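The values are calculated or read from the model by the stated rules, or taken from the named source; none is laboratory data. Model, not experiment: these values are computed from the prediction. Cβ placement follows ideal geometry from the backbone for every residue including glycine, while neighbour counts extend to all protein chains displayed. Only protein heavy atoms, including side chains, enter the accessible area calculation; ligands, DNA and RNA are left aside. Shrake-Rupley method; radii C 1.70, N 1.55, O 1.52, S 1.80 Å.
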Amino acid sequence: MSHPNIWQPFTILKGAQEPLRVQKGEGIWITLEDGRRLVDCISSWWVTLHGHAQPEIAEALSRQARELEHVIFANFSHRPAEQLAERITGHLPPDVNRLFFSDNGSTAVEVALKIAWQYWKNQGESRQRFLAFEGAYHGDTMGAMSVGGRSVFNQVFEDLLFDVEYLPYPETWEGDEGILEREDRVLGMLDEKLSKNPGRYAGILIEPLIQGAGGMRVCRERFLQQLQLISREREILLLFDEVMTGFGRTGSLFAHTRANVQPDLIALSKGISGGFLPLAATAVSDTVYDAFYTDDPMGTLWHGHSYTANPLGCAAGLASLDLLESNPERFQRLEGLHREGMQGVSKLPNVERVRFMGTIAAFQIKTEGMDGYFNEIGSQIKARCMDHGLLLRPLGNTVYLMPPFGIEPDELTSVYRRLEALLEEVLSRD
Ligand code: PLP
């Protein structure tokens, strides 16, 4: 049972367990009101970049709060937003120079879709479809749900969602030998669609290198490079949803940097403020921006939010970028540490499809039940981990670790040791 005045997100209400009340966060630790301490192995819905209550960011926030907490962002601007836009675009492809601010990941995607759609309209073309990937998750607003993989999570809204054409996401894992063939099959499907119907597609949207909520499914850099080649050749926009992958998660500052790909639009959120405040941005190329550079009201992007470019969020973002830029080894080293830590776990019977992507490690548990979010094993593992001081939130039978970058090597080793023992116990029960 939750608080009588609160509706918890993503929760089946009847029979729900009482949420754990958190009192304090510090580094990798979350302290509950009853005194228990948990290692946050999932960066609290993938946002806590460096660690909880990071002192440098807390300081920057407190300074900014005394200076300017918020101001309307139409007709007004402020230094924190301008500096953050300069600093972020400095890390993006050379022709991606504009940021449109909003305040959560779904909205960053929603804005990207609206811009891509209108980009063609502004040039007198009406491109009627987006391409996206099976299993994708881009958020919970209508547009973001429309381009997400169709599932029980959005089924009730089916009639409200616009039509999208999906391609399989060519997921891979350690020791996978069939990936080249699977990638080429998807690329062939894409090329066929685009060559048969030039002028039909506004763009293609992908979670680059790793699909998050869809099951921490990893794809290869080569696939994204080929995707870029085809998108350029067939003249559609390439949209990257870097809401989860941005700001160091893939071991590079951005997934597109790691893959050496230059998308036309990039959705950013989650880690953008170091996990302190809701903030998001949609980055666009000069070519896309230029299509909106008009005095025609019909060619204008009529979109904005009350908290657009909130100065506190931007100040947190600047302090977080300082930390990322001065300590890149913090996020670069995690893939190696995961590989070491995972050695024991990966040898357990029923553990399969082990994969790594920068600061993220994941694997499947083979069970009698169906693959997916509602596989019971996830809740069992979550409960046992919680009893032993680990906050994990498996996606059904997909177990993953995505700790804050500040985790020390010995702390991660200890997480893996505990996880291995707990998995052994849970799996031997089955
Ligand atoms: N895009 C991706 C890749 C995500 O992982 C998420 C959230 O998990 C979203 C978009 C939606 O972000 P938000 O929950 O901030 O709306």
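May I ask you to rank HIS52, HIS256 by accessible area, largest first, using a 1.4 Å probe over the protein chains only?
HIS52, HIS256
Cross-link candidates for LYS24: which aspartates and glutamates have Cα within less than 16 Å, leaving aside residues fewer than 8 places away along the same chain?
Reachable aspartates and glutamates: GLU33, ASP34, ASP40.
What is the sum of charges, Lys and Arg at +1 and Asp and Glu at -1, for the other residues whose Cβ falls under 15 Å from the Cβ of SER414? Walk me through the numbers before you get to the answer.
On the way: positive: ARG37, ARG417, ARG418; negative: ASP40, GLU340, GLU408, ASP410, GLU411, GLU420.
For residues surrounding SER414, the net value is -3.
Largest first, how would SER43, SER428 line up by accessible area (1.4 Å probe)? Before the final figure, lay out each step's value.
Values: SER43 0, SER428 90 Å².
Largest accessible area first, the list is SER428, SER43.
What's the FRET efficiency of LEU20 with LYS114 using the Cβ-Cβ distance as r and R₀ = 35 Å, to the nearest 0.05?
Values: r = 38 Å, r/R0 = 1.08.
The pair LEU20/LYS114 has a calculated efficiency of 0.40.
Provide LYS14, LYS193 ordered by accessible surface of protein heavy atoms (probe 1.4 Å), highest first.
On the way: LYS14 190, LYS193 55 Å².
In descending accessible area the options line up as LYS14, LYS193.
Residue-wise, which Karplus ³J(HN,Hα) couplings in Hz belong to the stretch 289-297, taking 6.51 cos²θ - 1.76 cosθ + 1.60, θ = phi - 60°, and x for glycine or proline?
Whole-Hz 3J(HN,Hα) from phi for the stretch 289-297: 4, 4, 5, 9, 7, 8, 9, 7, x.
Could you pull out the chymotrypsin sites (Phe, Trp or Tyr not before Pro) across the stretch 331-364 that fall in loop regions by DSSP (anything but H, G, I, E, B) with no more than 11 other Cβ atoms inside 10 Å? Display every interim value, and only then the final one.
Values: sites: PHE331, PHE356, PHE363; in loops: none.
Of the chymotrypsin sites (Phe, Trp or Tyr not before Pro), not one in the loops of the stretch 331-364 has a Cβ with at most 11 other Cβ atoms within 10 Å.
What part of the accessible area of the chain, given as a whole %, is carbon or sulfur when the probe is 1.4 angstrom?
The computed percentage sits at 51.
So which helices of the chain fit the span-like rule, where a helix is a whole DSSP H run, its Cα atoms reach 20 Å or more along the axis, and its mean Kyte-Doolittle is at least 0.0? Could the numbers behind the result be given before it?
Values: long enough: 105-121 (24 Å, 0.14); 179-196 (26 Å, -0.54); 311-326 (22 Å, 0.99); 409-429 (30 Å, -0.33).
Helices meeting the criterion: 105-121, 311-326.
Restricting to DSSP loop positions (anything but H, G, I, E, B) with no more than 12 other Cβ atoms inside 10 Å of their own Cβ, which GluC sites (Glu not before Pro) remain in the stretch 135-234?
Qualifying residues, ordered by number: GLU177.
How many angstrom lie between the C-alpha centres of the stretch 388-430 and the stretch 264-284?
Taking the Cα centre of the stretch 264-284 as reference, the centre of the stretch 388-430 is 28 Å away.
If the cut-off is a Cα-Cα distance under 23 Å, which lysines reach LYS347, setting aside same-chain residues fewer than 8 apart in sequence?
Partners within reach: LYS366, LYS382.
Order 238-244, 120-126 from most to least packed using the mean count of other Cβ atoms within 10 Å.
Working: 238-244: 29.0, 120-126: 12.9.
Those peptides, ordered most packed to least, come out 238-244, 120-126.
Take the alpha-carbon centre of the stretch 85-130, take the same for the stretch 33-49, and report the distance between them in whole Å.
Each part's Cα centre sits 32 Å from the other's.
Quick check on the chain: what are the equivalent-ellipsoid semi-axes from the Cα gyration tensor, as sqrt(5λ), descending, whole Å?
Ellipsoid half-lengths, sorted descending, are 34, 28, 20 Å.
If I take all pairs of Cα atoms in the stretch 48-118, what percentage of them are more than 14 Å from each other?
Pairs farther apart than 14 Å: 74 percent.
Sequence neighbours fewer than 8 away in the same chain don't count; with that in mind, list the aspartates and glutamates whose C-alpha is under 14 Å from LYS121.
Result set, ordered by chain and number: ASP290, ASP296.
Just flag the GluC sites (Glu not before Pro) in the stretch 1-80 sitting in loop per DSSP whose Cβ has no more than 15 other Cβ atoms within 10 Å. Mind showing how you got there, number by number?
On the way: sites: GLU26, GLU33, GLU56, GLU59, GLU67, GLU69; in loops: GLU33, GLU69.
Counting only loop positions with at most 15 other Cβ atoms within 10 Å, the GluC sites (Glu not before Pro) in the stretch 1-80 are GLU33, GLU69.
Pairs to check: LYS114/LYS193; LYS14/LYS114; LYS14/LYS270. Give those whose C-alpha atoms are more than 27 Å from each other in this structure.
LYS14/LYS114; LYS14/LYS270
Keeping all protein chains in position, work out how much accessible area ARG258 exposes to a 1.4 Å probe, and write it in Å² to the nearest 10.
Taking all protein chains as shown, ARG258 has close to 70 Å².
Out of residues 5 or more away from ILE42 or on other chains, whose amide H comes under 5 Å of its own, with H placed 1.01 Å from N in the peptide plane?
MET402
Where the centroid of each part is defined by its Cα atoms, how far is the stretch 295-348 from the stretch 158-190 in Å?
Cα centres, the stretch 295-348 to the stretch 158-190: 25 Å.
222 nm [θ] for the chain, helices only, -39500 (n - 2.57) per DSSP H run of 4+, per residue, to 500?
Result for the chain, helices only: -11000 deg cm²/dmol.
Can you compute the equivalent ellipsoid semi-axes for the stretch 219-305, i.e. the square root of 5 times each eigenvalue of the Cα gyration tensor, sorted largest first and rounded to whole Å?
Output for the stretch 219-305: semi-axes of 24, 21, 8 Å.
Checking a compactness column here: for the stretch 166-325, what do you get for Rg(Cα) / (2.2 N^0.38 Å), N being the number of residues?
Output field value: 1.16.
Given H placed on each backbone N at 1.01 Å, which residues far from PHE100 in sequence or on other chains put an amide H within less than 5 Å of it?
THR282, ALA283, VAL284
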